[in-house]
Amino acid sequence: MAATLIRNGRIVTAVDDYTADILVKDGKVETIGRNVQVGGDVEVHDAAGLLVLPGGVDVHTHLDWEFGPTYTVDTFGTGTKSAAFGGTTTLIDFCNQTAGFSPLKGLENWHKRRESACVDVGAHMIMLDVNDQSLIDMKTLIAKEGVTSFKLFMAYPGVLMVDDGALFKAMRVAGGNGAMTCIHAENGPVIQVLVQEAVAQGLKAPKYHASTRPSILEGEATHRAIRLAELAGAPLYIVHLSAGEALHAVTEARDRGIPVHAETCPHYLFLTAEEYERPGFEGAKYVMTPPLRDHHHQHQLWRGLKTDDLQVVSTDHCPFCFNEQPYGIKYSKQQGIDSFSKIPNGAPGVETRLPLIFDGAVTKNGMSINRFVEITSTAPAKLFGLFPRKGTIAVGSDGDIVLFDPKEQWTIRAAEQHSRIDYTLFEGRPVTGRVKKVFLRGQCIVDGANWRGREGMGQYLRRAESGAIR
Ligand code: DUC
Ligand code: ZN
Ligand code: ZN
């Protein structure tokens, strides 16, 4: 592969901030220095005036994902292209074990779908059926396939939920073999009661999605997951944390030295449950799980990012079109037009994570650019066995690099994004800070508005041990 030189940029990692040139050869950073000299066969990019950041690492996406009777609308091709335009060069995507089948079979199916990926992708395995054989298969996934994290659901009884005994057994195997347990922490059976009661009373609008999933049930499940992980001796990662009660449980455990980690998502940081009051069926766009919360939770999430009780901002990119598109009804929110309980749970976001967090955290909230890099790239790479290959700019690391203009002002528009989704949660929102160029292993794949990547160029990431920031 040809070499690439990025000149004169301000390189910012989770710890560094300096101006230098970066030479990437054969996909890896070869040299970082001043006035690096190269021959005419090297593609040169001038980064003067721009930030030079490690490619974003988004450890929570659902591409081409089966969820009950629904499917997310992005293929790996479209979802990863969208990620690239948003400055993200690494995804860890969720792969399902189908109940009654081995998780190894789930991985095999996922590999067929991920062949069209344009950026590098790893897999978390969602365990639906925890039994003697699947516990052995977990060890195979860790040792042979580089799948070093597992997600288990405490919500969705009858669809995705596993009981506490299964949760505990899976945690013990994961923790004992160098893997992270990721938990969707909401009390599913109690939510089911609330949903059934609401439906019986004829409450149909999208806003009842939020009122039937109160934050106290996220707090309870988070606390329970932490206690089970503690007993199992397993590191834990709470996905899509939205509620102050849940953060309180994480903070308390971390203060006791328990290896508990958590992510939140841009929608919980910037949007509130008021979105469900939109006219007509519009609130369905905001139906994701957990739901958007009241404003006071946001203060706590920002506090958590500041004090490192929250380590990661990921997207939970789980796109279902608002209107039925040529792909069909099973990919759209319209499935739930008659009842909030049938609205597919999930929202898009993979393309807007970096600009939203840069704007909301760095430009408007005083977060350092180092911390911005840490929560969007370095910490997720470390927690999930990808560091230092991903998550930083250093000699020997992959040449995954983003040139970012911290001053450019622009407006988020769904029509300008690259996902198959037909809306964004942030339509019309002005932001400062924009991705200008993106390099995947040294190759320029995004150049302003131009796409220079291709489907199939993304590599599978066989990950090392997960579960700790070392
Ligand atoms: N949990 C997720 O992580 N994504 C989509 C739906 C859900 O419940
Ligand atoms: Zn979840
Ligand atoms: Zn998710």
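A few points about this structure:
- Selection within the stretch 7-30 - crowded, with 16+ Cβ neighbours inside 10 Å and out of contact with any Gly (no Cβ under 9 Å at 6 or more places or on another chain): 7, 11, 12
- Test: residue in the stretch 110-121 that is surrounded by 18 or more Cβ atoms within 10 Å (Cβ to Cβ) and of a type in the set (S, T, N, Q): yes
- For first residues located in the stretch 305-332 and part of a loop (DSSP other than H, G, I, E, B), partners that are charged (D, E, K, R) and within 16 Å of ligand 2 (Cβ to nearest atom) and lie 6+ apart or on another chain with Cβ distances below 6 Å form the pairs 314/58; 314/263; 315/58.
- Condition met for residue 344 (within 16 Å of ligand 2 (Cβ to nearest atom), part of a loop (DSSP other than H, G, I, E, B) and in contact with a Phe, Trp or Tyr (Cβ under 7 Å, 6 or more places away or on another chain)): yes
- Helices (runs of 4 or more DSSP H) within the stretch 87-181 that include 3 or more residues in contact with a strand residue (DSSP E or B) (Cβ under 6 Å, 6 or more places away or on another chain) and away from ligand 2 (no atom under 16 Å from the Cβ): 103-114
Table: residues versus (1) modelled with pLDDT under 95; (2) part of a loop (DSSP other than H, G, I, E, B); (3) under 28 Å from residue 422 (Cα atoms).
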residue	(1), (2), (3)
219	no, no, no
227	no, no, no
251	no, no, no
262	no, no, no
274	no, no, yes
283	no, no, yes
291	no, yes, yes
297	no, no, no
303	no, no, no
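- Criterion (free of Cβ contacts under 8 Å to residues at least 60 places away in the same chain, in contact with a helix residue (DSSP H, G or I) (Cβ under 7 Å, 6 or more places away or on another chain) and either within 16 Å of ligand 1 (Cβ to nearest atom) or hydrophobic (A, V, I, L, M, F, W, C) (or both)) met by exactly one of 268, 286: 268
- When 357, 343, 337 are checked against the criterion of being over 25 Å from residue 217 (Cα atoms) and over 19 Å from the mean Cα position of the chain (by Cα), a single residue qualifies: 337.
- Considering only residues in the stretch 65-82 that are within 16 Å of ligand 1 (Cβ to nearest atom) and either part of a helix (DSSP H, G or I) or acidic (Asp, Glu) (or both), the one that is surrounded by the fewest Cβ atoms within 10 Å (Cβ to Cβ) turns out to be 66.
- The residues in the stretch 261-303 that are surrounded by fewer than 20 Cβ atoms within 10 Å (Cβ to Cβ) and small (Gly, Ala, Ser) can be counted, and the count is 2.
- If the condition is being within 16 Å of ligand 1 (Cβ to nearest atom) and either part of a strand (DSSP E or B) or among the aliphatic types (A, V, I, L, M) (or both), then the stretch 182-193 contributes 182, 183, 184, 185, 190, 191.
- Residue match in the stretch 56-64 (condition: touching a residue at least 40 places away in the same chain (Cβ under 8 Å), part of a strand (DSSP E or B) and polar (S, T, N, Q)): yes
- Residue check for residue 240: crowded, with 20+ Cβ neighbours inside 10 Å, away from ligand 2 (no atom under 13 Å from the Cβ) and either at pLDDT 95 or above or not in a helix (DSSP H, G or I) (or both): no
The values are calculated or read from the model by the stated rules, or taken from the named source; none is laboratory data. Predicted model, so just to flag it, every value in this text is computed and none were measured. Using ideal geometry, Cβ is built from the backbone for each residue, glycine included, and neighbour counts are taken over all protein chains shown.
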